[in-house]
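Structure first, then comments.
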Amino acid sequence: MSSRNRVKRRHDRGFYDHATVNRILDASMLCHVSYVIDGQPYCTPTFFWREGTKLYWHGSSASRMLENQSEGQRVCLTVAHLDSLVLARCGFNHSADYRAVMAFGTAYLVTDPDEKQRAIVAMVDRLFPDRTAGLRPSNRQEIKATSFIAMEIEEASAKIRAKGVADDDEDYELPIYAERIPVRTVIGAPEPCPRLLDGVTRPASLDGYSEGRLLEDALRDAYFVQYPAG
């Protein structure tokens, strides 16, 4: 822990252990990557995944973000989960329960052919284990059009609020309604492509993405199928 990743406001909500940080990262597929180009800050949303202590994300080879990060730029990657809306008895105490991670490191463009090939598979199989083996292989132009950025996690911190309504003691005596509204991202019913060939059915490997499941549970389960060692 250093001044870079230390949680400064509400330090009691800060966590720095790998287990907590990884648990939050692995329950998500969307991150925001912050970086600076010629003194101008940018923040780009993109899909990502974790392999051990390394994070990967991808995009078009023509992307300004990827081009700028290809030379080894310092970046901050963030992930956040909104768990509830909190309505208190005064405006100041209205809040939200959440889980968030900030990860710091030096991004680099993946140029090694073997590492890029692994990334091409991982960007699909991390979410849908073993799916790539049954797909049409990516052609040369598709591979050329896709770039990958990787970053070793040098430092990271998690920040978690999970206390619900927290009013001042004297405010609990006020006749004002207060509540916690849970927020969840839930998987809906699958919608098969209308152009499926006869006899093509949904594979059992997608059972984890069943209607009514929490998306973060499906993502976390898929992660440990793809990376059993965590």
- Which order do ASP17, ASP114, ASP167 take when ranked by solvent-accessible area (1.4 Å probe, heavy atoms of all protein chains), largest first? ASP114, ASP17, ASP167
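Please get the size of the charge dipole for the range 128-190, origin at its Cα centre, with Cβ charges of +1 on Lys and Arg and -1 on Asp and Glu, quoted in debye to the nearest 20.
In total the dipole reaches around 1000 debye.
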- Task: DSSP loop (so not H, G, I, E, B), at most 11 other Cβ within 10 Å: list which chymotrypsin sites (Phe, Trp or Tyr not before Pro) in the range 155-230 pass both filters.
- Result: TYR177
- Keeping all protein chains in position, work out how much accessible area CYS90 exposes to a 1.4 Å probe, and write it in Å² to the nearest 10. 40
- Item | Dipole magnitude of the chain, debye to nearest 20 (Cβ charges: Lys/Arg +1, Asp/Glu -1, about Cα centre) | 480
- Give the calculated FRET efficiency between ARG74 and ALA133 to the nearest 0.05, with a Förster radius of 41 Å applied to their Cβ-Cβ distance. 0.65
- Query: Looking only at GluC sites (Glu not before Pro) in DSSP loops with at most 10 other Cβ atoms within 10 Å, what is the longest site-free stretch of the chain?
  - Reply: 72-210
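In square angstrom, what is the accessible area per residue of the range 89-230 with a 1.4 angstrom probe?
63
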- Computed lengthening from THR53 to ALA19, 0.36 nm per intervening residue step minus Cα-Cα distance: 11.1 nm
- Query: If you average 1/r over every pair of different alpha-carbon atoms in the range 119-230 and take one over that average, what Kirkwood value in Å do you get?
  - Reply: 18.9
- Net length gained if the chain between VAL225 and CYS43 were fully extended (0.36 nm per residue, minus Cα distance): 62.5 nm
- Starting from the Cα of GLU142, step 7 Å along the direction of its Cβ; do the same at THR185; then give the gap between the two resulting points in nm. 2.4
- Computed over the chain: longest principal axis from alpha-carbon atoms vs helix 113-125 long axis, angle to nearest 10 degrees, is 60
- Note on the structure: Charge tally for neighbours of ALA96 with beta carbon under 9 Å away, counting Lys, Arg as +1 and Asp, Glu as -1, is -1
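The values are calculated or read from the model by the stated rules, or taken from the named source; none is laboratory data. Since the structure is predicted, the reported quantities are computational estimates derived from the model, not experimental observations. Cβ: placed from backbone, ideal geometry, glycine included. Neighbour counts: every protein chain shown. Quick note on the areas: whole protein, heavy atoms, side chains included, nothing else; ligands and nucleic acids left out. Shrake-Rupley method; radii C 1.70, N 1.55, O 1.52, S 1.80 Å.
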